[in-house]
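Down below is the structure, laid out as structure tokens.
The values are calculated or read from the model by the stated rules, or taken from the named source; none is laboratory data. Being a predicted model, the structure only gives us computed values, none of them experimental. When we count neighbours, we look across all protein chains shown, and the Cβ atoms used for this are built from the backbone with ideal geometry, even at glycine. These accessible areas exclude ligands, DNA and RNA; they are computed on the full protein's heavy atoms, side chains included. Shrake-Rupley method; radii C 1.70, N 1.55, O 1.52, S 1.80 Å.
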Amino acid sequence: MSLSTAPSAARRAADGTRRRTSASVVLRSVLEHGPVARSTIARLTGLSPASVTDHCAQLGALGLIREAAATRQSKGAGRPHIPVDLDASRFVVGGVHVAVPYTTVALLDLRGRVVAERRLGHGEGTEPGRVLANAADGLGALFAEAGDRTPLSIGVAAGGWVDRDAGIIVEHGLLGWRDVAVREVIGAHTGLPVQVDGHARALVNGEWLFGRARGSRSMLHLFVGNVVDAAFATHDQVHHGPRSQAGAIAHLPLEGGTEPCDCGRTGCLQVELSERTLCRRARERGVIRTANPMHVVRA
Ligand SMILES: [Zn+2]
């Protein structure tokens, strides 16, 4: 790259990022408020009406949004007020959640509604190549059942340490995984773009877009299951930290803890609070007779 082209290339990249960002702001506004008038989107997002019209035309051409039924103007002639809304009928997104006992694969529409879902037990073990190939096959079967809906992309979530930018599960002790190139493997199996993230951060994003956290700008999410981790967002930003290590709380020491941890220490948060420990203690005290955490909840 010559010095003279560097600034314009950088500017073009910045413009591209800005355009994508404002397109996603428009799309998110339609998701939250649709059916919604373009003028309302402009007011809500602070973008110019011309820019909103432009984005809506492009999102419409892509089939992501469509014009909803016109609302009747209260008085007079003039152009009818035609709001836009998400078009949830044309696309599906694949979701994969790799949990300790099983993998869940699902298809979701653009409103985040589950269209189809299947649970795949790990059966013969958690060798990463096999688990991911099973997940890709399971998704492939769901895509085939989705009829004319076009698959857009795939999101993969798992506990443990997940490096979003690299698309890698760096470490998941309970699965026995280390440096598993999830994005590459699932991408090669399916031919679709793949996003990989830690399940706590993925849940924060899900709650934000589709759940009860809609509209809130900051959020703290604590997950306690077989793994224990956290995710947090401030000012509309989910924090990842260097190599996506933000929210790694599994090995924080819990005062008075007695459980030995895989890391060699005693009393780490994850091993003290995990479902396995909870079930074992409940069994020891005669609360339940099985290893099923739901039986603890019922008891
Ligand atoms: Zn530990």
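Size of the dipole of the chain about the Cα centre, Lys and Arg at +1 and Asp and Glu at -1 on the beta carbon, nothing else charged, in debye to 20?
On the way: 35 positive and 28 negative charges, 212 e Å.
Charge dipole, the chain, about its Cα centre: 1020 debye, nearest 20.
Between the listed residues T258, L269, A233, the Cα displaced farthest toward the positive end of the dipole of region 219-298, a dipole computed from Cβ unit charges relative to the Cα centre, is found at T258. Here region 130-286 has 52 percent of its accessible surface on carbon and sulfur atoms, given a 1.4 Å probe and all protein chains in place.
C263 to L209: extension gain in nm, 0.36 nm per residue of separation minus the Cα-Cα distance?
Numbers: separation 54, 0.36 × 54 = 19.44 nm, distance 3.55 nm.
Here the segment from C263 to L209 would lengthen by 15.9 nm.
For an R0 of 22 angstrom, estimate the FRET efficiency from the Cβ-Cβ distance between R111 and S51 and round to the nearest 0.05. Intermediate values should be presented prior to the final figure.
On the way: r = 24 Å, r/R0 = 1.11.
About 0.35, to the nearest 0.05.
When the Kirkwood radius is taken over all Cα pairs of region 91-210, what Stokes-Einstein diffusion coefficient follows at 10 °C and 1.306 mPa s, in µm²/s? Walk me through the intermediate numbers first.
Details: Rh = 14.2 Å.
Reported coefficient: 112 µm²/s.
Here each label is just a point 7 Å from Cα along the line to Cβ, and for L254 and H295 those points are 2.1 nm apart. Calculated accessible area for region 219-298 comes out at 64 Å² per residue, all protein chains present (probe 1.4 Å; ligands, DNA, RNA ignored).
Accessible area per residue for region 128-201 in Å², computed with a 1.4 Å probe and the full protein assembly in place, what is it? Each step should come with its number before you reach the end.
On the way: 3080 Å² over 74 residues.
Heavy-atom accessible area per residue stands at 42 Å².
Check each of the trypsin sites (Lys or Arg not before Pro) in region 112-171 and keep only those in coil by DSSP with at most 10 other C-beta atoms within 10 angstrom; list them in order. Those satisfying the criteria are R113.
So which helices of the chain fit the span-like rule, where a helix is a whole DSSP H run, its Cα atoms reach 15 Å or more along the axis, and its mean Kyte-Doolittle is at least 0.5?
On the way: long enough: 6-33 (40 Å, -0.46); 49-61 (18 Å, 0.17); 128-145 (26 Å, 0.53); 199-210 (16 Å, 0.18).
Membrane-span-like by this criterion, though nothing is claimed about a membrane: 128-145.
For the pair A13 and D165, a Förster radius of 25 Å applied to the C-beta separation gives a FRET efficiency near 0.90, rounded to the nearest 0.05.
What translational diffusion coefficient, to the nearest whole µm²/s, does the chain have by Stokes-Einstein, given a Kirkwood radius computed over alpha-carbon pairs, a temperature of 4 °C and 1.567 mPa s viscosity? Numbers along the way, then the final one.
Working: Rh = 22.0 Å.
Translational diffusion coefficient: 59 µm²/s.
With a simple spin-label model that places each label point 7 Å from the Cα along the Cα-to-Cβ direction, the separation between E284 and E67 comes to 6.8 nm.
Scanning the chain for GluC sites (Glu not before Pro) lying in DSSP loops with no more than 11 further Cβ atoms inside 10 Å, the longest uninterrupted stretch between such sites is 125-254.
Here the label points at A144 and R90, each 7 Å from Cα along the C-beta direction, are separated by 2.6 nm in the simple model. Measuring nothing but how far apart in sequence close Cα pairs (under 8 Å, 6+ apart) lie, relative to its length, region 140-299 scores a relative contact order of 15 percent.
In a reduced charge model with +1 at each Lys and Arg Cβ and -1 at each Asp and Glu Cβ, region 178-274 shows a dipole moment near 320 debye about its Cα centre. Loop-resident chymotrypsin sites (Phe, Trp or Tyr not before Pro) (DSSP state other than H, G, I, E or B) in region 159-210 with no more than 14 further Cβ atoms inside 10 Å of their Cβ are absent.
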